[in-house]
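Single-structure report; data block below.
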Amino acid sequence: MGNTQRKTAPGAFETVREVYGFACLHCGYAWKQTYDIEQHIDRDNKPFFIYYTNGERVPSPLSMVTCVNCDEHKVRVARADQISAMRSAFPFTQDRRF
């Protein structure tokens, strides 16, 4: 994954970079993904978030995730620091992107 430099969008309150870990409960594939997350404030003064990966806008990693290996939606999301535990839960997995 490359680091794409993005400027904070107009109206964005704050931008943070977070890494999420994923494990497919169907095929056992595990991977991690870096997100640039912009926090915005709507007209009712409530926060909302826009997610980017490699400069492209993407859905929230907390919504329905699709496995990049088998296209199933049975995916567990965790903090990146929990990824080693996810690896050991699926010892049969041959191809992991870490």
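Only the coordinates and a few stated rules stand behind these numbers; no lab work does. On a predicted model such as this, the values are computed, not experimentally measured, just so you know. Every residue, glycine as well, gets a Cβ built from its backbone with ideal geometry; the counts of neighbours run over all protein chains shown.
A few remarks follow.
- The amide H of residue 72, built 1.01 Å from its N in the peptide plane, has 67 as neighbours under 5 Å, considering only residues 5 or more places off or on other chains.
- The HN-Hα couplings worked out from phi for the stretch 32-49 by the Karplus form 6.51 cos²θ - 1.76 cosθ + 1.60 (θ = phi - 60°) are 10, 9, 8, 10, 9, 10, 9, 9, 10, 10, 7, 5, 8, 6, 10, x, 9, 10 Hz, whole numbers, x standing for Gly and Pro.
- Separation in nanometres of the label points that stand 7 Å from Cα toward Cβ, at residue 62 and residue 42: 1.4
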